[in-house]
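In what follows, a structure is listed as structure tokens, so that the remarks can point back to it.
The values are calculated or read from the model by the stated rules, or taken from the named source; none is laboratory data. None of these values were measured; they are calculated from a predicted model. Cβ sites come from the backbone with ideal geometry, for glycine too, and all protein chains shown count toward neighbours.
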Amino acid sequence: MLITKNIKPADVILQNYHLIPIISRFGIKFGFGDKNVEQICKQYGIHTDFFLEIVNAFNDKDYNPYEKLRNMSLSLTVSYLLKSHYYYNKVKLPFIENLIDSLEWEEEDNVKNKNVLKKFFSQYRKEVTEHTANEETEIYPYVLELEQNYNNTGKTASSLLEKLKTKSIKDYAETHDELNSSLLDLKNIIIKYLQPAKNQDVTEQILIEIFKLEKDLTDHTELENNVVIPVAERMETELKNRN
Ligand SMILES: [Fe+2]
Ligand SMILES: [Fe+2]
């Protein structure tokens with residue numbers, strides 16, 4: 001189903017609950033009543049077309065939002081990516097960590113098993129934190145600076161022209177990794193090697209959360225690779241030609 005501006009978000013969620021974290025990432029709170037997407041977006045100051053691209057991409061794996069997103073302001077994508085970073089670092093990773101803390105084994109094995117799991121989890125958490133921090137301090141400000149100058153048909157800031165002599169988004173594209181490299185270890189530890197915990201339901205919950213986060217992060221990286229990087233590259237070329 002294609003989600004359009006006339007559809008009610010309440011119906012969208014009833015039809016696909018996987019959209020819940022996406023909708024809340026935009027700051028939209030429950031209690032939509034009978035408002036449609038356009039009315040809700042207006043109420044929250046959200047760019048409706050951008051919102052529709054993101055929710056449609058999450059709703060249908062065959063939906064390709066990239067072309068339309070590349071033609072919208074990069075600041076919209078960056079703002080969404082920043083909200084996603086917050087969600088990973090401040091909501092999901094602490095949530096999974098709490099679940100790990102609540103696992104229980106027989107007394108003598110409890111500390112040992114928990115420490116093994118925590119060690120692998122903290123490696124993963126560190127990977128995500130360092131990756132997102134680098135983007136927030138280096139990459140996103142740079143692409144926003146590119147866009148600001150690109151939109152300003154007057155003089156390009158000399159500070160940016162200096163940067164363009166040595167910096168290129170291509171360097172970032174080459175090193176931009178998938179973010180999930182420590183995840184396989186973590187999943188293997190839980191699925192294959194760790195002694196079963198007494199509360200198997202929590203183990204199950206942890207695994208489901210990890211798989212969901214992995215998918216979310218993969219989509220996130222795709223958005224960076226297919227929107228932020230090519231648009232920034234286009235702007236770099238144009239700005240160099242202009243000056
Ligand atoms: Fe990111
Ligand atoms: Fe990234």
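Some values worked out for this structure:
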| item | result |
| --- | --- |
| Filter result (among the polar types (S, T, N, Q) and either within 13 Å of ligand 1 (Cβ to nearest atom) or modelled with pLDDT of 95 or more (or both)) within the range 123-148 | 129, 132, 134, 137, 148 |
| Failed item in (1) assigned to a helix (DSSP H, G or I); (2) of a type in the set (Lys, Arg); (3) surrounded by fewer than 16 Cβ atoms within 10 Å (Cβ to Cβ), with residue 198 passing the rest | (1) |
| Residue that is farthest from ligand 2 (Cβ to nearest atom) [pool: residues in the range 115-135 that are crowded, with 18+ Cβ neighbours inside 10 Å and over 23 Å from residue 173 (Cα atoms)] | 117 |
| Per-region count, the range 183-225, residues within 16 Å of ligand 1 (Cβ to nearest atom) and of a type in the set (S, T, N, Q) | 3 |
| Meets criteria (away from ligand 1 (no atom under 16 Å from the Cβ), of a type in the set (Val, Ile, Thr) and surrounded by 15 or more Cβ atoms within 10 Å (Cβ to Cβ)) for residue 153 | no |
| Filter result for residue 206 (within 30 Å of residue 107 (Cβ to Cβ) and either within 16 Å of ligand 2 (Cβ to nearest atom) or within 15 Å of the chain's Cα centre (by Cα) (or both)) | no |
| Exclusive hit being part of a helix (DSSP H, G or I), surrounded by fewer than 20 Cβ atoms within 10 Å (Cβ to Cβ) and among the acidic types (Asp, Glu), set 67, 53 | 67 |
| Every residue from the range 166-195 that is part of a loop (DSSP other than H, G, I, E, B), more than 16 Å from ligand 2 (Cβ to nearest atom) and of a type in the set (Ser, Thr, Tyr) | 168 |
